[in-house]
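> One structure follows; several queries about it will come next.
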């Protein structure tokens with residue numbers, strides 16, 4: 001109980017700080033991130049106060065030891081929450097969303113999709129390439145360390161936490177802490193660097209609207225919706241004397257998670273097929289040391305996390321609802337409340353439980369990766385987007401940068417600063433693109449396959465795959481740009 005209560009208290013402290021501290025308002029940090037950082041700081045301070053010999057502690061030190069023991073029971077629960085809640089977050093991704101025709105998606109968001117894919121795959125090229133060419137030799141890092149940058153940036157805290165089991169299965173549990181640290185660095189730098197770019201863009205006339213971060217209303221900066229503009233949280237679709245609407249939606253999310261769980265169990269059995277096991281053993285012999293290659297049966301499909309499969313489960317539930325449910329019982333508003341609440345608790349628990357002792361041992365290469373990821377995203381905005389996006393290039397690219405370094409909400413926030421009334425095509429293109437982009441990148445299928453592939457194939461093969469993907473999507477983007485220009489000219 002106290003584990004839950006303490007997380008709630010941290011979230012309330014995070015919200016209070018957001019409404020009171022101007023720096024946090026300027027940075028637009030979500031309350032869950034602030035709460036997680038507060039929790040991380042409190043736990044680090046408590047660990048520092050614990051004496052080297054707890055059993056011999058007396059006086060106030062004995063009290064510290066007792067408090068530390070109690071708090072450790074809370075953090076044990078916190079550590080398990082992200083791996084579960086990320087399944088709920090991804091199960092909700094498509095539920096309640098009316099799925100449009102694929103041709104409509106391509107027409108409205110095809111160019112944005114191509115640009116977003118270039119940005120996302122490029123993060124893998126930058127991260128893996130740096131480890132292969134420089135950091136691996138200098139710091140003795142595994143090839144999987146190269147996946148830390150995109151998992152944290154493109155995937156975010158949810159994906160990083162959701163890969164905990166994968167990192168454990170691959171014998172590198174520290175990977176979770178590095179990925180969470182990368183995600184924290186990504187969302188912080190997305191806001192800070194994004195706002196700097198917004199100021200530059202407004203001064204140079206790159207935006208359609210003449211706005212700046214200083215023009216953002218106070219209600220937006222403190223995160224409170226004015227009383228007269230508060231929207232509905234959702235619609236009740238059933239009568240409460242039959243079943244509470246929120247309960248019904250939770251149950252349907254549970255069905256989606258169940259489908260994901262069954263898919264996970266089915267995939268895990270593939271590793272036991274003799275021919276597959278033989279291929280895995282051979283792959284490990286080529287990539288790893290002799291000791292690792294001979295250490296028992298190898299896994300690939302068993303290391304794939306459950307949360308992208310829960311996304312598939314949610315898609316199955318939504319397709320069923322569209323085809324067979326004449327009452328249309330799934331409400332998007334209620335689904336978003338479940339998803340966002342789960343994400344809030346996930347983020348605060350994930351950040352607060354980062355192992356700082358682990359991070360300190362690899363701090364330098366981690367900071368180099370984060371710096372390289374920031375440089376890649378800025379390059380995409382100032383060079384690629386300016387030349388290849390057809391219209392509203394800054395609005396489109398700044399939204400993409402926010403999403404690729406933080407979360408979707410970060411991208412929308414930066415977009416709202418430069419295009420508050422959504423007068424450009426950026427908002428529609430970005431929202432449409434997400435329906436096609438999320439199943440692949442972000443926390444999608446490639447993000448979950450990349451870490452196991454780095455362990456099985458090694459860095460060079462995955463690096464070449466990612467480089468080929470960047471080249472493919474770059475060609476698509478150039479061709480789309482040319483065709484759009486010709487259409488406008490005629």
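The values are calculated or read from the model by the stated rules, or taken from the named source; none is laboratory data. These numbers were taken from a predicted model, which means no experiment stands behind them. As a convention, Cβ positions derive from the backbone with ideal geometry for all residues, glycine included, and neighbour counts pool all protein chains shown.
> Is it the case that segment 245-252 has a residue that's in contact with a helix residue (DSSP H, G or I) (Cβ under 9 Å, 6 or more places away or on another chain), part of a loop (DSSP other than H, G, I, E, B) and either at pLDDT 90 or above or under 18 Å from residue 86 (Cα atoms) (or both)?
No, segment 245-252 contains no residue that is in contact with a helix residue (DSSP H, G or I) (Cβ under 9 Å, 6 or more places away or on another chain), part of a loop (DSSP other than H, G, I, E, B) and either at pLDDT 90 or above or under 18 Å from residue 86 (Cα atoms) (or both).
> Please list, ordered by first then second residue, the pairs with beta carbon atoms under 7 Å, 6 or more apart or interchain, first in segment 264-278 and more than 11 Å from residue 306 (Cα to Cα), second modelled with pLDDT of 85 or more and assigned to a helix (DSSP H, G or I).
Here the result reads 276/270, each pair linking segment 264-278 to a residue that is modelled with pLDDT of 85 or more and assigned to a helix (DSSP H, G or I).
> Turning to a different aspect of this structure: Among the candidates 414, 369, 388, single out the residue that is touching a helix residue (DSSP H, G or I) at 6+ places or on another chain (Cβ under 7 Å), within 23 Å of residue 144 (Cα to Cα) and in contact (Cβ under 8 Å) with a residue 40 or more places away in the chain.
Going through 414, 369, 388 in turn, just one is touching a helix residue (DSSP H, G or I) at 6+ places or on another chain (Cβ under 7 Å), within 23 Å of residue 144 (Cα to Cα) and in contact (Cβ under 8 Å) with a residue 40 or more places away in the chain: 369.
Okay, residues lined up against (1) crowded, with 20+ Cβ neighbours inside 10 Å; (2) in a helix (DSSP H, G or I); (3) at negative phi:
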site: 4; (1), (2), (3): no, yes, yes
site: 7; (1), (2), (3): yes, yes, yes
site: 11; (1), (2), (3): yes, yes, yes
site: 17; (1), (2), (3): no, yes, yes
site: 25; (1), (2), (3): no, yes, yes
site: 29; (1), (2), (3): yes, no, yes
site: 32; (1), (2), (3): yes, yes, yes
site: 35; (1), (2), (3): yes, yes, yes
site: 41; (1), (2), (3): no, yes, yes
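> In segment 333-340, is there at least one residue being without any contact (Cβ under 8 Å) to a residue 12 or more places away in the chain and farther than 18 Å from residue 163 by Cβ?
yes
> I've got another one for you. If I ask for residues that are assigned to a helix (DSSP H, G or I) and under 13 Å from residue 120 (Cβ atoms), which ones from segment 434-464 would you list?
434, 436, 437, 445, 446, 447, 450
> So, residue 446, is that one crowded, with 20+ Cβ neighbours inside 10 Å, at pLDDT 80 or above and at negative phi or not?
yes
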